[in-house]
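The values are calculated or read from the model by the stated rules, or taken from the named source; none is laboratory data. What you see is a predicted model; the values in this text were computed from it and never measured. Note that each Cβ is placed from the backbone with ideal geometry, even for glycine, and that neighbours are counted across all protein chains shown.
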Amino acid sequence: MVLVNSIAKGIVIDHVSAGRGIKIINHLGIDKAEYTVAFIMNASSNKYGKKDIIKIENEIDVDLAALGLIDPQATVNIIESHVITRKINLKLPEKVVNIITCKNPRCVTSVEKNAPQIFRLVDKENREYQCEYCDDIVDVKGE
Amino acid sequence: MLKGRHLLEPLDFSISELDDVFALAEEIIIQPELFARVCSGKLLATLFYEPSTRTRFSFEAAMYKLGGQVIGFSEPNSSSVVKGESIADTIRTVACYADIAVMRHPKEGAPKVAAYNTSMPVINAGDGGHQHPTQTLTDLLTIKSIKGSLNNLTVGLCGDLKFGRTTHSLIEALARYEGIRFVLISPEELRVPDYIRKEVLTKKGRSFTEVESMEEALPILDILYMTRVQKERFFNEEDYVRLKDRYILDAEKMKLAHEDMMVLHPLPRVNEIAVEVDNDPRAFYFQQAKYGMFVRMALIMKLLGV
Ligand SMILES: [Zn+2]
């Protein structure tokens, strides 16, 4: 909580599974950002043992679907004037566009490059997504 | 309402929508002359990115018998217009002239890309090893017409269940009817893909068994759906040679079956049904092609709303 209060206005991505923080940072491209970013690894968490925390001192557009895909356990807190004004619990998105790429060589997306890559969640427990075009199933377990 | 819709996968239509198509097909079968001009002034585009004379003839015959006209290509290599052009651009251009399109493509999901880029109805006439819904409609109409219903049947599918698109479509469609049991007959290497087992059979709670022996399955079947092992789906000649003649239905094996078991085959056949079976009253595979044209006539009418 002390740490959260240390930013005035921005976004805190909390309860990130330990080790996944770096993936989120890479995905958001904030490693090259000009604003202040604090990245805490292996913080102790009552709920999960260890967690990562990312604090961004800026209002940025976060792709919640992509974030949910990387780590559905994380929460996104919006901070204004040192207080949390909104708390978003992430979950696995039902539909993702242009995040997962179909690996099936027989899929039309292998030749039709402008077609959007669309995947739908078919199995929450096993984190399995199905290609909209060829029905191939991929699991997006965090690697 | 089916007007303006696409047919991309066998499950795109509800059971009652399918019943409407079958009812119209049965009307056409009884009095085809009443329908000889209903599509006058309408144009069907046949976009065949891989050749399939049988399927293309069936669609073209259907459109001509409804009084409509046909344009199209049957091999993209012969057509400079299509060479290198995206599916999205091709369908947008074709939609300027045609009222309805039929697409066959070697890549899975290609007709869906077309459908996402036009409001003109698009019919999937086979996309790689994936889906072939009009073959499924043909199979369903044939079974319904002969058996009187699509419920409470034990259906055996035999041969290449891994790459065979017609069997995947048929399984998905039949799994929606009550009391359907599947017996999946194939060699270990050609068993149904995982998504059929998981997403279709298990999820719908349909009873199914997977066996290697055709003789074991024959006595309990109401329908035997034979398929051929397609050479072009194999990367390696040896596997193809080893598996192509694994199942051959002959007069001797037919003795093991019920006297009212139906034998179906999407055609063309190679060796998997011996010609001696053709005269068996349980062989329905040649009648199937006729039902195929009638069901396509009904489908075109429904999608055009004529
Ligand atoms: Zn795909």
If you scan region A:85-143, which residues turn out to be within 14 Å of chain B (Cβ to nearest Cβ), part of a strand (DSSP E or B) and hydrophobic (A, V, I, L, M, F, W, C)? A:97, A:107, A:118, A:119, A:121, A:122, A:131, A:137, A:138
Among the helices (runs of 4 or more DSSP H) lying completely within region B:187-306, list those that include at least 3 residues that are small (Gly, Ala, Ser). B:285-304
When you scan region A:42-58, do you find a residue that is within 19 Å of the chain's Cα centre (by Cα), buried (at least 19 other Cβ atoms within 10 Å of the Cβ) and within 13 Å of the ligand (Cβ to nearest atom), even just one? no
Is region B:250-263 home to any residue that is touching a strand residue (DSSP E or B) at 6+ places or on another chain (Cβ under 9 Å), on the phi < 0 side of the Ramachandran plot and basic (Lys, Arg)? no
Considering each residue of region A:98-133, count those that are of a type outside the set (Val, Ile, Thr), within 12 Å of the ligand (Cβ to nearest atom) and out of contact with any Ser or Thr (no Cβ under 8 Å at 6 or more places or on another chain), and give that number. 11
If we scan region A:62-82, do we find a residue that is more than 26 Å from residue B:86 (Cβ to Cβ), away from chain B (no Cβ under 14 Å) and within 16 Å of the ligand (Cβ to nearest atom)? no
Take residue B:73 and tell me if it is farther than 21 Å from residue A:114 by Cβ and modelled with pLDDT under 95. yes
I'd like the full set of residues that are within 16 Å of the ligand (Cβ to nearest atom), acidic (Asp, Glu) and out of contact with any His (no Cβ under 7 Å at 6 or more places or on another chain), limited to region B:88-127. none
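Hey, could you check region B:178-194 for residues that are out of contact with any Lys or Arg (no Cβ under 9 Å at 6 or more places or on another chain) and surrounded by fewer than 17 Cβ atoms within 10 Å (Cβ to Cβ) and say which is modelled with the lowest pLDDT?
Selected residue: B:194.
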